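First comes the structure, then the notes that go with it.
Any read-out appearing in this document is the output of simple, stated calculations on the displayed coordinates, not a laboratory observation. Predicted model, so just to flag it, every value in this text is computed and none were measured. Cβ: placed from backbone, ideal geometry, glycine included. Neighbour counts: every protein chain shown.
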Amino acid sequence: MFLQLVINSLAIGSLYALTAMGATLIYGILGILDIANAGAYLIGAYIGYYIYISTGQLVLAFLGAMLSVGLVGVVLHRTVYGPILAKPRMLSIIPLVAAVGLFTMSSDLIRLLCGAGTKAYNFRFPVDVVRVGSVTIQTTWLLIFALTAVLLVVLWVVLNKTKMGLAWRATAEDPDIARACGVNTNSAMALSYVLGYGFAAAAGIMTGILYNSITPALGEVPSYKMLAIIVLGGLGNPLGTVVAGLLIGFAEVMLSTYTVLPIPKDAVAFVVLIIVLLIKPSGLFGQRNKV
Amino acid sequence: MKKLLSTLLALAMAMSLVACGGGDTSTPSDTSTPSGSGGDSSQTQGEDPIKIGFFGPLSSASASADGLSGLQSAELAVRLLNESGGINGRMVELVDYDDALDTTEAANIAERLTTADGVAAVVSGSYSGPTRVAAPICQAAGVVMVSAYAVHPDVVNAGEYIFSQSFPGAVQATAAATFAVEELGAQRIAIVAVDLDFGTEQSAYFKAKAVELGAEIVSEDYIAMSDNDMTSVVSKIASEDVDLIYMPNYYGHAAEVCRQVVLQGLDVDLLGCEGADSWQMLQTAGEYAEGLYITTNMDRDDPNESTQAYIENYRAEYDMEPDMVGASVYDAFEVLFAAMKEVGTDPVAMQEYIANMKDFDTVTGTLMYYTSSGSAVKPVQIQRVGEDLQFHSYSVIDDISIIDGDNIPVVEY
C-alpha cells in the first residue's frame, strides 16, 4: 500500500505545484500575494470546459483557457494592480485586499453566468488505469505528471533562455535598477501575469478532469492552500514551489492514511508550513527571486 | 489614473453587490406574487395574499445548487397553488431569502420573516446549520416552520412549532445499517463520511445498528467538505478486505468514492444516503455509479400521481432533473398549504393540525405521521443506480421500529 500512496501523493503534489506556480511567479516579480490567482484557476476550468465540450479537443481547451485567462491577468495588472502598486507609500495589504475582492467576484460571476450546479468534463482516456504489480496508476495522473513537467520545462526555458526571461529575472531582482538599465519592466510584469494566470488556468482544467467535476466553489481551497505552498517554497521561487507542493501532497496523503488526524486534511499544509518556518524562517528555498 | 482607479473600484463593488444578490438578504424577493404567478386576480380582491417565508443557500458557492433546487421547487409549489385557486381563494406570496449557508444570516432572516415580513409560516430549504439557528427564533415567535431536509435533531428539538419534512439522520442511518447487513449481507464495513454533523450523526447511528446486527466496522474516515480527493482513503480501504462502504456524505464525495472504487478494482457494495440523491451525482460519477445504493425519501419510480406530476412539472419548468432537496421543499409547502386550507393561518391551529396529520400524500411518499418531536415518519426508500445510470427503486424499509425516530435509542457521538 505504501508504494500506492507514494504514487497518489505524487499526483496530488504535482497538481498542488501547478496550482501554486501562478501565484509564485506573480509574487516573484510584484511581491504581492495574489489570491485572485485562485479565481484564474476557477475561470480557466470553466473556459476550458466550454471549449472542450464545444470542440472535443483537450489541447485546444488548455491553450484557449491559458491564453484567455493569461490576457485577463494582463488586463487586471494594467487596470487594478499596476495603479495600486504605483501609488507612493502604498500599504502592502492593499493589493492583497484587492485580490481577495477579485477572487470573490470571480466565484460569484461564474455562479451567475454558468449556474450553480456541477459540470463534468467527461474526458476519458481509452484506458482508465495502468496496473504495475499491486500499484494502480490512473491515466489522468499521467497527464498531470506530463503536463506539470512540460509546463515547468517551458517556464525554465522562458525564464532562463529568452530575453523576456532575462528581463523578468532582472525585474524580480530589483525593478528600479532593471528600469535604469533599460529593461522594460512593464513587459516583464505582463509576462508574469500571462504565465501566472495561464498556469492557474491549466491547473483548474487538470483538477476538473481529475475529479470530473467543476463548481463555482472550485477556487476556495486553492485560494488559501496556495499561500502555504508558496511561502513554504520560499516566496516567489518556482523550484521551491514544486518541492513544497510535492511535500504537502506527501504529508497530506501519508498523515491522513496512517494517522487519525485531529485537524482537517486541508490544515496539514499549514502545519507543515509552521514546522518548516520554525526551522528555516525563509522557507525551503529562501533565497528569494532566484530561479 | 486616480479617476480611472476610482471608477474601476466603484464598478467592481457594484458588480460584487450584483453578484452577491442571488437573494438579497436586505430585501426579500417576492418571487411569486399573485398577479405574477398566474393566479385569478378576481379572487384576491380585498384580501392580502398569505405570505410564506423561505430561505436557502442560494449564493453559497458549495451549496448553491441545492439552494437553487429548493427555491425553484418553492416557486413551483406556490405558482401551482395560486393557479388552482390559492388557499380557499386567497393567493400565496413567497418571501424568499438567501442565507448563503451562513448561520448569522439565517438568524437575521428568521427575525425578519417573523417580524417585519409578518409571514404566516416558514419553510427552511437550507442545511442543518442555518436551520438549527432559525428554528428557535421561529419557535419563540410562535410561527410554524417546516424544515425540508435538514437532518440534525436540534432542528425539531427547538419546540412544537418546528417540523421536519424529512426523516432524521438517525432513522436514515438505522435503515441503511439494516439494509446493509440484512439484505446485502455485509459483515465487514468501512465508513467514509463527510466531516459535518450530517456525516457524523449518520455514521454513529449506522455503526450502532450494524454492530448490533453482527457486522464489524473496520474503519471510519471523516473527510472535510472541501476535500475532493478520495484516492488515498479508497487505497487504504482496499487493504482492509471489506465487503461494503457506507457513505453518509454528499454527491461530490460519493461520486469520487464510486469512481475510485472502480478504478482501484475493489469488489465492494457501495451504500450512500440522501446526500447523493442528485442528478449531479449521476453526471459526475457516470458509469462508475452503476450499482450504487442510497437511502432517500424520494422514489422516482413511484406511480403516485403527485410524485410523477412534480417530476414532470419540474422538468417542464426548469429543464433539469428534480432531486430530493427540491422534492422535500415542495412537500414542506404542501404540508403548510394543507394546514392553511383546513384551519387558516392561525399559528396555534396550524401547529395542532400538522402535529396530528396522518397518512398525508406527498411527493416523497406517504407521510404517516409526525413523531412527538416533529419529525416526519415515512418509509425509507432504497434506490439503486441501474444500467441506465438513473436511480430506481430497489427496496423500501417501512418497519415502524426503524422509521419512527422515537423508537431508536439515542446514540452519543
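Which of A:ALA40, A:ILE29, A:VAL69 sits closest to the plus end of the dipole of region A:1-132, meaning its Cα is farthest towards the positive end, when Lys and Arg get +1 and Asp and Glu get -1 on the C-beta?
Farthest along the dipole direction, towards plus: A:ILE29.
Where nothing but the Cβ of Lys and Arg (+1) and of Asp and Glu (-1) is charged, how large is the charge dipole of the protein assembly as shown around its Cα centre, in debye to the nearest 20? Write down the numbers at each step before the final one.
Working: 34 positive and 71 negative charges, 978 e Å.
Using only the charged Cβ atoms, the result is roughly 4700 debye.
Averaged over its residues, how many other protein chain Cβ atoms are within 10 Å of peptide A:110-116's Cβ atoms?
For this peptide, the per-residue mean of nearby foreign Cβ atoms is 6.
With N set to the number of residues, divide the alpha-carbon radius of gyration of region A:2-279 by 2.2 N^0.38 Å and report two decimals. Spell out each step's value before the answer.
Numbers: Rg = 18.6 Å, N = 278, 2.2 N^0.38 = 18.7 Å.
This ratio for region A:2-279 stands at 1.00.
Arrange A:ASP174, B:ASP117 by Cβ neighbour counts within 10 Å, fewest through most, would you? Walk me through the numbers on the way to the answer.
Values: A:ASP174 12, B:ASP117 18.
Fewest to most other Cβ atoms nearby, the residues stand as A:ASP174, B:ASP117.
Is the C-alpha gyration tensor of region B:49-166 telling us rounded, prolate or oblate? Criteria: a/c under 1.5 is rounded; beyond that, a/b larger than b/c is prolate, otherwise oblate. Walk me through the intermediate numbers first.
Details: a/c = 1.68, a/b = 1.26, b/c = 1.34.
Oblate.
Using alpha carbons only, how many degrees (0 to 90, rounded to 10) separate the axis of helix B:324-343 from the longest principal axis of chain B?
For helix B:324-343, the angle is close to 50 degrees.
To the nearest 20 debye, what is the magnitude of the charge dipole of chain B about its Cα centre, counting +1 on the Cβ of each Lys and Arg and -1 on the Cβ of each Asp and Glu? Could the numbers behind the result be given before it?
On the way: 18 positive and 62 negative charges, 221 e Å.
So the magnitude is around 1060 debye.
Going by how many other beta carbons lie within 10 Å of each one, how would you line up B:TYR413, B:TYR369, fewest first?
Result, fewest neighbours first: B:TYR413, B:TYR369.
Within chain B, what percent of beta bridges assigned by DSSP are antiparallel, to the nearest 5? List each step's numbers first, then the result.
Numbers: 18 of 53 bridges.
Taking every DSSP beta bridge with both residues in chain B, the antiparallel ones total about 35 percent.
Roughly what % of Cα-Cα distances in the protein assembly as shown sit above 31 Å, to the whole percent?
Percentage above 31 Å: 57.
Quick one: work out Rg over Rh on the C-alpha atoms of chain B, Rh as Kirkwood radius. Walk me through the numbers on the way to the answer.
Working: Rg = 21.7 Å, Rh = 21.8 Å.
My calculation of the ratio gives 0.99.
Say the dipole of chain A comes from +1 at the beta carbon of Lys and Arg and -1 at that of Asp and Glu; which of A:VAL260, A:GLY219, A:ILE93 then lies farthest toward its positive end?
Selected residue: A:ILE93.
If you count, for every residue in B:56-63, the Cβ atoms of partner chains within 10 Å of its Cβ, what is the mean? Intermediate results must be reported in sequence, preceding the final value.
Details: counts 0, 1, 2, 6, 4, 13, 6, 3.
What the average comes to for B:56-63 is 4.
About its Cα centre, what dipole magnitude does chain A give when the only charges are +1 on Lys and Arg Cβ and -1 on Asp and Glu Cβ, stated in debye to the nearest 20?
Computed charge dipole of chain A: roughly 340 debye.
Could you tell me how many degrees, from 0 to 90 and to the nearest 10, lie between the Cα long axis of helix A:139-161 and the main elongation axis, the longest principal axis, of the Cα atoms of chain A?
Roughly 20 degrees, rounded to the nearest 10.
Which listed residue (B:THR115, B:GLY67, A:LEU235) has the Cα farthest towards the positive end of the charge dipole for the protein assembly as shown, taking +1 on Lys and Arg C-beta and -1 on Asp and Glu C-beta about the Cα centre?
Looking along the dipole axis, the top candidate is A:LEU235.
Which of the pairs A:LYS119/B:LYS51; A:LYS119/A:LYS225; A:LYS87/A:LYS119; B:LYS209/B:LYS358; B:LYS209/B:LYS378; A:LYS119/B:LYS209 have their Cα atoms more than 30 Å apart in this structure?
Values: A:LYS119/B:LYS51 35 Å; A:LYS119/A:LYS225 23 Å; A:LYS87/A:LYS119 41 Å; B:LYS209/B:LYS358 28 Å; B:LYS209/B:LYS378 19 Å; A:LYS119/B:LYS209 37 Å.
Checking Cα-Cα distances, A:LYS119/B:LYS51; A:LYS87/A:LYS119; A:LYS119/B:LYS209 exceed 30 Å.
In degrees from 0 to 90, rounded to the nearest 10, what is the angle of the helix B:169-178 Cα long axis to the longest principal axis of chain B?
30
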